[in-house]
1. Keeping to the stretch 288-315, report how many residues are free of Cβ contacts under 8 Å to residues at least 60 places away in the same chain and not aliphatic (A, V, I, L, M).
2. Please determine, by comparing only the residues of the stretch 277-293 that are under 21 Å from Ile131 (Cβ atoms) and open to solvent by less than 40 Å² (accessible area, probe 1.4 Å), which one is farthest from the chain's Cα centre (by Cα).
3. Considering each residue of the stretch 124-174, count those that are in a helix (DSSP H, G or I), charged (D, E, K, R) and under 25 Å from Val196 (Cβ atoms), and give that number.
4. Which one of the conditions (1) free of Cβ contacts under 8 Å to residues at least 40 places away in the same chain; (2) outside any strand (DSSP E or B) does Leu63 fail to meet, given that it meets all the rest?
5. Considering only residues that are of a type outside the set (Val, Ile, Thr) and crowded, with 17+ Cβ neighbours inside 10 Å, look in the stretch 78-98 and name the one that is farthest from the chain's Cα centre (by Cα).
6. Considering the stretch 6-51 alone, what residues qualify as being more than 24 Å from the chain's Cα centre (by Cα), at pLDDT 90 or above and of a type in the set (Val, Ile, Thr)?
7. Within the group Asp231, Asp219, which residue is more than 15 Å from Leu119 (Cβ to Cβ) and without any contact (Cβ under 8 Å) to a residue 12 or more places away in the chain?
8. Those residues that are among the polar types (S, T, N, Q) and touching a helix residue (DSSP H, G or I) at 6+ places or on another chain (Cβ under 7 Å), I need them from the stretch 280-312; list them, please.
Amino acid sequence: MTAEIIFASNKLGIINDDQLQSMLDKFNLGKIISSKKTANGAMGQTMFVSSTEGDFVFKGNPLYTGQLVEEKFFVENLNKRTNVSVPMPYIIDNSQEIFGWSYSLMPRLQGEHLNSEHLKANLDLDDKFRIAELIAKTLSEFHTWKVNEFGELNTEKFDIIPFKDTYTLWLYNRIMFWLEDAKKYSKITSNDFDWVETLLDDSKEAFDNFSSPTFVMGDFKPGNFLIYSGDSGWEISGVFDFTNSYFADPISDLIKMITFYLDNNESEIAKHLVNVYCSKSEEKEDFKKRIKVHMLHQRVLDWGCSKAINMVTWDNELPFSQWIEAYTDSVASLLE
C-alpha cells in the first residue's frame, strides 16, 4: 500500500557486527570494516555498511508486508526503463534468521544530498540552475513509464490495484481526510474548509480530463537523491527510497522540490525546474490547476504533521488557508 501516508516506522534497533558479518557471508560480500546508522532517510530503517568488497546500504524491519518486494520491483523496472542511477542490485533476504525480520541490501551510491551543508555553502547560481534541469529531466524519465490505470502495485501479481472510484475522488477524499485530521491539532475554520472546497471544485474538470497515469515516485526530495560533480559536470548520481511509489498524475512528483526552492527563497530556480519539465506540455491551464491541488495536498499533510508534533517552522498564528494559499499561488505563478 505505497500510497498510504506513514508517519511511524519500525526502527532497526540494536544491530551487532556479528549479525552484519553473517549477512555479508550469506552473499559473499567480504569482511565487515564499519557500520553506522544513516542520519536521514527511510524512517530509521537504514544503515551504512562497509566491507572489504564495497559500501552498502542495509534496510530492514519493513513498515508493512511487501515493502521491500515492492521497492525491488520499482528499482529493477526503473533500471530497465530509464537511464537514472538507482541502487542495483537490490538484494532481499526474507529468511528472518539473522535479524528476526526481512531486510534488503543494496550498493551505496556516490554523491551528496542537495541540502548538505557543503553544497549549500558552495553551489553558485549556475550550479543551482543546472541541478534543477537535472531534476526535471530525471522526473521526466521516470514519467515515461506509462500505465493504463491509476492505482497501487499489487505485490503478489505485480499488476495495478486501481484506486476506488476515480483518481479524482481518491485524491480529493484523501485531502479532505487529512484536513479533518489536521483539525484535531490546529485551528481550521469553516472558511478554511470553504477555501479548500472551492479550489478543488475549480480544478475538478482538469483532473477528470486527465487520463494518462504514469509511475510516480511519491517522495522526490533532497533526502532521496544524490548529486555528484564529475568530469562532465553535475549529474544526479542516484535516486532511492521508493516506498511511496504508485501510479497517478506525474506532476505531483514536482511538489517537494518546488517547496524546497520556495522555502529557500529560490523561486527562479523553482520556475526553471517547472519550465524545463513542462517544456513540451500543451495544456498549461489544466497543468496549473492540477499542480495547485497537489501543492494543497502536500501542504495539508505538512501543516497537520507540524502542528501535531509542535514543530511549526512558520508563524504559528498564521491562518491555515492564508498559509497554504501563498504556496498554491506561488506554484501557479511558476507557469506564467
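The values are calculated or read from the model by the stated rules, or taken from the named source; none is laboratory data. It should be emphasised that the depicted structure is a prediction, and the values quoted were computed from it without experimental measurement. FYI the Cβ positions are ideal-geometry reconstructions off the backbone, even for glycines, and counts take in every protein chain you see. Heavy atoms of the whole protein, side chains included, go into the accessibility calculation; ligands, DNA and RNA do not. Shrake-Rupley method; radii C 1.70, N 1.55, O 1.52, S 1.80 Å.
1. Filtering the stretch 288-315 down to residues free of Cβ contacts under 8 Å to residues at least 60 places away in the same chain leaves 288, 291, 294-295, 298-299, 302, 306, 309-315.
Applying the additional criterion that residues be not aliphatic (A, V, I, L, M) yields 288, 294, 298-299, 302, 306, 310, 313-315.
Number satisfying all stated conditions: 10.
2. Top of the filtered list is Cys278.
3. If we filter the stretch 124-174 for residues that are in a helix (DSSP H, G or I), which is where we start, we get 125-142, 167-174.
Adding the requirement that they be charged (D, E, K, R) leaves 126-128, 130, 133, 137, 141, 174.
Imposing the further condition that a residue be under 25 Å from Val196 (Cβ atoms) reduces the set to 174.
Total meeting the criteria: 1.
4. Only one criterion is unmet by Leu63, namely (1).
5. Looking only at the stretch 78-98, we keep the residues that are of a type outside the set (Val, Ile, Thr), and these are 78-81, 83, 85, 87-90, 93-97.
With crowded, with 17+ Cβ neighbours inside 10 Å added as a condition, the list becomes 78, 85, 87, 90, 93.
Working: Leu78: 15, Ser85: 16, Pro87: 16, Tyr90: 19, Asp93: 25 Å.
Step by step, filter the stretch 78-98, then rank; the result is Asp93.
6. Here is the first cut: in the stretch 6-51, the residues more than 24 Å from the chain's Cα centre (by Cα) are 13-35, 50-51.
Subsequent filtering for residues that are at pLDDT 90 or above retains 15-35, 50-51.
Those that are more than 24 Å from the chain's Cα centre (by Cα), at pLDDT 90 or above and of a type in the set (Val, Ile, Thr): Ile15, Ile32, Ile33.
7. Values: Asp219 fails: without any contact (Cβ under 8 Å) to a residue 12 or more places away in the chain.
That would be Asp231, the only listed residue that is more than 15 Å from Leu119 (Cβ to Cβ) and without any contact (Cβ under 8 Å) to a residue 12 or more places away in the chain.
8. Taking the stretch 280-312 as the starting set, the residues that turn out to be among the polar types (S, T, N, Q) are 281, 298, 306, 310.
Residues satisfying the conditions are Ser281, Gln298.
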